[in-house]
Amino acid sequence: MRKRWWAVIAIALVALAWFCLWPTGKYVEVPGSAESLKPYVKVAGMKDTAKGSYMLTTVGIVGPASPAVLLWGKLQPYSEVDAQSDLMGDDSSAEYDELQRYYIKSAADNAIAAAFKAAKMPYTIDHLGIYVMSVLKHSPFAGKLALGDTITQLDGKHYDTADAYVKAIQSHKVGSSITLTYLHKGKTHHATGKLMQLPGTKKAGIGITLTENTKTTTTPKVTIDAGSIGGPSAGLMFAVQTYTQITQSNWRHGQNIAGTGTIDASGTVGQIGGIDKKVYMANKEHAKVFFAPNDPATKKLLKLDPTYQNNYAVAKKTAKQLHSSMKIVPVHTLQDALNYLRTH
């Protein structure tokens, strides 16, 4: 009889361990945080001491989730379960994290440029090279370049934009040899390979997804460090906070003001993911205003992505579900947000 009980207990313990620890390969997206930007944005010689705060908002990602975490996720407001491939594509967790670090660094750099442009203050954008976002398995540079590297020269020549690099590459024939100079973990390397034919085209290429890697220099100096937070969606609020400090504007009137949206150096605001979760957290942290990207679902957008939903429309719907008095403000540019703050 005693042996039977020990067997039952052992089976129960194994089942419990499976329930709590077994990785399912799925991830749970839940509301993350709504945090003041004062600790993250530093402007030399200028402090934001006014009451209230501008807030960035985040989505929490938990995983790989065990069955217990999946069950917990179902109990969280506005939660979603994603397969790893849906969330990260073909990237590993480490590669996904590296991309998120790049995205927030780029968002911060663009935000500084956009804020200084809006303030009509001088700034300089230096083109460091092109950032490697992914490498195809059959790329001639697979095993040489990696996600996170920055290409600084092609055959000894530096170009100022990713488009210029692409045009220079495509001026060569498939099978011709080129040499790339690149930075890997701060050190300069060189790699030579023969150009491949890009899938679905007759064009020559290197089989690498590229984007700009820039650095904005200003006086006064601005430093943005969001710690472990990643992704591009804090761009708009980084810019609002930076503008506030460099112009010494006090338009919050003691309120907490939240928002989200990508930003480019010109100040254009773009769509983000998980806005319902961000509205939930902003409301929980007593924000009075929430800036939401407003790119309406046009026929063209819906043709490209039938599941597309306008951030502003989803944010308004979520605020209504929460019976929130928080004002949802649509923005397409940084200037839209600044105009609202100045006039309300």
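Normalising the average separation of contacting C-alpha pairs (under 8 angstrom, six or more residues apart) by the number of residues puts the relative contact order of the stretch 231-344 at 29 percent. Which shape class, rounded, prolate or oblate, goes with the stretch 143-279 when its Cα gyration tensor gives a ≥ b ≥ c as root eigenvalues, a/c under 1.5 marks rounded, and past that a/b bigger than b/c marks prolate? Because a/c hits 1.5 or more and a/b exceeds b/c, the stretch 143-279 counts as prolate.
When the Debye formula is applied to the Cα atoms of the stretch 227-268, each taken as the same point scatterer, what base-10 log of I(q)/I(0) results at q = 0.17 Å⁻¹? So the normalised log intensities are -0.53.
In the context of the full set of protein chains, residues of the chain present 54 Å² of accessible surface per residue (probe radius 1.4 Å, heavy atoms only). Entry note, the chain: relative contact order of 21 percent, from Cα contacts under 8 Å with a spacing of 6+ residues. Once the Cβ-Cβ distance of K51 and L302 is raised to the sixth power relative to R0 = 41 Å, the FRET efficiency obtained is 0.45.
Here the chain has 57 percent of its accessible surface on carbon and sulfur atoms, given a 1.4 Å probe and all protein chains in place. Our analysis of the chain gives Rg over Rh at 1.04, with the two radii drawn from alpha carbon positions and Rh computed by the Kirkwood formula. Over the chain, DSSP H runs of length four or greater, each weighted -39,500 (n - 2.57), average out per residue to a 222 nm ellipticity of -10500 deg cm²/dmol. Each 5 Å bin, from zero up to the one with the longest distance, holds this percent of the alpha carbon pairs of the stretch 257-344: 3, 15, 25, 23, 20, 10, 4, 1. Annotation: lysines with alpha-carbon distance below 28 angstrom to K221 (same-chain offsets under eight excluded): K38, K42, K47, K51, K105, K117, K120, K185, K187. Split the chain at each of the trypsin sites (Lys or Arg not before Pro) in a DSSP loop with at most 15 other beta carbon atoms within 10 Å, and the longest piece is 222-344. Take the chain, connect every pair of alpha-carbon atoms lying under 10 Å apart with a spring to form a Gaussian network, then pick out the residue of M121, M326, M281 with the largest mean-square fluctuation. Between M121, M326, M281, it is M121 that shows the largest mean-square fluctuation.
Cross-link partners for K316 among the aspartates and glutamates, with Cα-Cα distance under 15 Å and sequence neighbours closer than 8 places in the same chain left out: D276, D295. Cross-link partners for K144 among the aspartates and glutamates, with Cα-Cα distance under 18 Å and sequence neighbours closer than 8 places in the same chain left out: D91, E95, E98, D155.
The values are calculated or read from the model by the stated rules, or taken from the named source; none is laboratory data. Computed from a predicted structure; not experimentally measured. Using ideal geometry, Cβ is built from the backbone for each residue, glycine included, and neighbour counts are taken over all protein chains shown. Just so you know, the surface numbers come from the protein's heavy atoms only, side chains and all, with ligands and any DNA or RNA stripped out. Shrake-Rupley method; radii C 1.70, N 1.55, O 1.52, S 1.80 Å.
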